[in-house]
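The block underneath contains the structure these notes are about, expressed in structure tokens.
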Amino acid sequence: MHMDFAPSGQSFVPDPNNTRLLRDAFGRFATGVTIVTAPSEAGPVAITANSFSSVSLDPPLVLWSPDKNSRRFPFFEKAQHYAIHILAADQDELCWRVAKDIAGLKGESLKLNNEGVPVLDGCLARFECRQTAIYEGGDHAIVLGEVLRAEMRDDGDALTFFKGQMGKMATN
């Protein structure tokens, strides 16, 4: 089935000179927002990511894709254990704080799980993972993890990301 774009749309061939266009096109996919945490020799580290996906139920696997050029990437590349937190709509301030600052969790009262990973409260869901593989993905890495433990809450709206803006998805 062929569908034409609206007259206001634009077509392009992705290349190194128009990465902004490609980023904007990717941004048309509304996603949830996560914070991934890990322990490090420098203390707890965190990074925001909207590139999260479930992969498998048996074994329980998830993936996320950090930017390899991020100053935070080496911490997560080394981390054998990490936690992925699906953020609730009321956690947008925490999301932005972590996105802007590698020390964005300072001042938070963080609990540590059995593997020493800092875990956040108030999230819609949390997946405590063991890294099983890292795959090449261009300027990003694809981090595959086995879910060791999961937690979720039944109430709350989801924090979303669309066209570079935070929003929320509410259930009726």
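From I102, I142, I84, grab the single residue that is at pLDDT 95 or above, more than 19 Å from G27 (Cα to Cα) and either surrounded by 14 or more Cβ atoms within 10 Å (Cβ to Cβ) or basic (K, R) (or both). Criteria check complete, one pass: I84.
Scanning region 110-168 for residues that are under 14 Å from S65 (Cα atoms) and either within 14 Å of the chain's Cα centre (by Cα) or acidic (D, E) (or both) yields E136, D139, H140, A141, I142, V143, L144, G145. The requirement of being in contact with a helix residue (DSSP H, G or I) (Cβ under 9 Å, 6 or more places away or on another chain), of a type in the set (G, A, S) and more than 23 Å from L159 (Cα to Cα) is fulfilled nowhere in region 54-68; no residue meets it. Looking for something farther than 15 Å from L159 by Cα, surrounded by 12 or more Cβ atoms within 10 Å (Cβ to Cβ) and of a type in the set (K, R) - is there at least one such residue anywhere in region 116-131? Yes, there is a match, as at least one residue in region 116-131 is farther than 15 Å from L159 by Cα, surrounded by 12 or more Cβ atoms within 10 Å (Cβ to Cβ) and of a type in the set (K, R). All conditions in (1) at pLDDT 90 or above; (2) farther than 18 Å from E115 by Cβ; (3) open to solvent by 40 Å² or more (accessible area, probe 1.4 Å) hold for K78, with the sole exception of (2).
Here D24, D15, D92 are screened, and the one residue that is in contact with a strand residue (DSSP E or B) (Cβ under 8 Å, 6 or more places away or on another chain) and either exposed (fewer than 13 other Cβ atoms within 10 Å of the Cβ) or of a type in the set (D, E) (or both) is D92. One residue stands out among those in region 27-65 that are of a type outside the set (A, V, I, L, M, F, W, C), within 16 Å of the chain's Cα centre (by Cα) and more than 20 Å from G138 (Cα to Cα): the one that is most open to solvent (accessible area, probe 1.4 Å), which is S54. Residue count for region 105-120 satisfying the condition of being among the basic types (K, R) and modelled with pLDDT under 90: 1. Of the residues making up region 118-165, those that are assigned to a loop (DSSP other than H, G, I, E, B) and among the charged types (D, E, K, R) number 7.
The values are calculated or read from the model by the stated rules, or taken from the named source; none is laboratory data. All figures in this text were calculated on a predicted structure; none of them were measured in a lab. No Cβ is skipped: glycine too gets one built from the backbone with ideal geometry, and neighbour counts run over all protein chains shown. All accessible areas refer to the heavy atoms of the entire protein, side chains included, with ligands and DNA or RNA removed. Shrake-Rupley method; radii C 1.70, N 1.55, O 1.52, S 1.80 Å.
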